[in-house]
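Working notes, structure below.
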Amino acid sequence: MNAVDLVGSAVGNTFRAKTRTILTILAIFVGAFTLTLTQGLGTGINAYIDDTVTAVGASDVMTVTKPSESATGIGSTDDGPAEYDPDTVASGQAGPPGATVVALTPDDLDTLEGIDGVVRVEATKSISADYIEGADGTKYVATVGTLVAGQTVQLTVGEEPDDASSDLQVVLPVSYVEALGYDDDADAVGQTVELAVTDAVRTQHTVEAEVVGVAEENVASPVGASITPNVALTDELFELQNTGLPADQADRYAQASVFFAEDATDEDITALKDRLVDDGYSGSTVADQLGTIKTVIDGIVLVLNAFAIIALLAASFGIVNTLFMSVQERTREIGLMKAMGMSSGKVFGLFSIEAAFIGFLGSAIGAGIAVLAGGLLSNALSTTLLADLPGLTLIAFDPASIAIVIAVVMVIAFLAGTLPAARAAKADPVESLRYE
């Protein structure tokens, strides 16, 4: 009996006891279904984070601040009230609401540029706008989201602001479109809006800018809910905002973007962070900001996978039972096959292939139904509970992951079938032929 005949025989023998085999397949189905669904959950959420990671910044840049002695932002320490520091400013995107950091000055930027491993430094300019006014003349409170270097916005229509252009450009949040008097996102593109800022002597200045795009909101960054200007508009607003300030107070920044080599290793980045700390600064990368989120998600998926593995292990006992009974029922047949010259290895292979085939059926059916159910559930949630998270596919399936799940289940089934297969292989042909 060649390999093809061996496989064909094993597949044909699988459903000799249909009820017993179907029940075993159903037990495997539960584990494979759960395992595939949880893998899809992890894939979907992590893919969403990966897709929106550019909303936080590039991979070769870290956000650098100069922490104050009281970084809590509540004006006190464990030992009592914090001493007032005139050099502190609100941390902005660098920390929680109310947190403060020591303002970075041009001297700090020069110091950062001189640190080993730093390629270049860009200051992040914070804008406090008074309002934004659109087509209908109504003024709305506006938050200007200054982009960290390498940061992008996810657009519903239009294009990102061109930092190389001298034209004043802005991207609107999708929530502002209707409020500002535009029919839809596409109608807003190309329109002119007015932004207002107040300077140090309480004089209000207005600037007109062209709307070049509309951004959807994003859980990875608050920028999706903010007005996003290009560099030219940022510089204009920053200059107007600082009108009337003493020269030593004008160029003060809550944070800066420090670029390092694109091919820097984790050890290189850690060493750069240490050098920043030695000079009194603190740096964090995109991985630092999103690492905790991914760790929590992966931990949840791991726990869910553990339940699926338990179900598969329980199913493996069903495979052992099914094949033991099959060996028992086919004792005379096994004796006849060995008497006709079939080797013990081929007998072992015959029953092992049966076990693997049962595992394949259960896992393939479980994975297929999990893909169908996961797709339907994800689509339903995207229009209801998760409608505020555009672009999120909660359960997404990677063909490679599905293939791995099926392979893992088949291996578990194969291992479960080795014990009864070994018993069949060791059967004495004479004694087997006498079996009643």
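The values are calculated or read from the model by the stated rules, or taken from the named source; none is laboratory data. As the structure is a prediction and not an experimental result, all values here were calculated from the model. When we count neighbours, we look across all protein chains shown, and the Cβ atoms used for this are built from the backbone with ideal geometry, even at glycine. Areas reflect the complete protein model, heavy atoms only, side chains present, ligands, DNA and RNA absent. Shrake-Rupley method; radii C 1.70, N 1.55, O 1.52, S 1.80 Å.
Can you figure out the FRET efficiency of ASP266 with TYR140, using R₀ = 45 Å and their beta-carbon distance, to the nearest 0.05?
Working: r = 44 Å, r/R0 = 0.97.
It comes to 0.55.
Give me the extension gain from SER175 to ARG332: residue separation times 0.36 nm, minus the current Cα-Cα distance, reported in nm with one decimal.
So the extension gain works out to 48.9 nm.
Tell me, what is the percent relative contact order of region 327-436, built from C-alpha pairs under 8 Å that lie six or more residues apart?
In percent, rounded to a whole number, it is 56.
Between TYR131 and SER166, what is the FRET efficiency for a Förster distance of 35 Å, r being their Cβ-Cβ separation, to the nearest 0.05?
Result of the calculation: an efficiency of 0.90.
Relative to the present Cα-Cα distance, how much length would full extension add between ILE310 and ASP428 at 0.36 nm per residue of separation?
38.9 nm
Between PHE324 and VAL119, what FRET efficiency follows from the Cβ-Cβ distance if R0 is 51 Å, with the result rounded to 0.05? If you can, show how the numbers build up before the last one.
Numbers: r = 66 Å, r/R0 = 1.30.
Once rounded, the FRET efficiency stands at 0.15.
Extent of region 183-327 along each principal axis, from alpha carbon coordinates, in Å, largest to smallest?
Taking the Cα atoms of region 183-327, the three principal extents are 92, 53, 28 Å.
If each of VAL4 and ASP107 carries a label point 7 Å out from its Cα toward its Cβ, how far apart are those two points in nm?
Each label point lies 7 Å from its Cα, and together they span 8.5 nm.
What is the extension gain from VAL11 to LEU376, computed as 0.36 nm multiplied by their sequence separation minus the C-alpha to C-alpha distance, in nm to one decimal? Display every interim value, and only then the final one.
Numbers: separation 365, 0.36 × 365 = 131.40 nm, distance 3.28 nm.
Going from the current span to full extension adds 128.1 nm.
For region 278-436, with every protein chain kept in place, what is the accessible area per residue (1.4 Å probe, Å²)?
Ligands and nucleic acids excluded, the figure is 51 Å² per residue.
Any idea how far apart ILE300 and THR198 come out in nm if each label point goes 7 Å out from Cα toward Cβ?
It works out to 4.2 nm between the two label points.
Rank these by accessible area, largest first, 1.4 Å probe: ILE358, ILE369.
Heavy-atom accessible area, descending, gives ILE369, ILE358.
What distance in nm lies between label points placed 7 Å from Cα along the C-beta direction at GLU239 and SER284?
Between GLU239 and SER284, the simple spin-label model gives 3.3 nm.
State the three equivalent ellipsoid semi-axes of region 309-436, derived from the C-alpha gyration tensor as the square roots of 5 times its eigenvalues, in descending order and whole Å.
Numbers: eigenvalues 397, 28, 19 Å².
Taking √(5λ) for each eigenvalue gives 45, 12, 10 Å, largest first.
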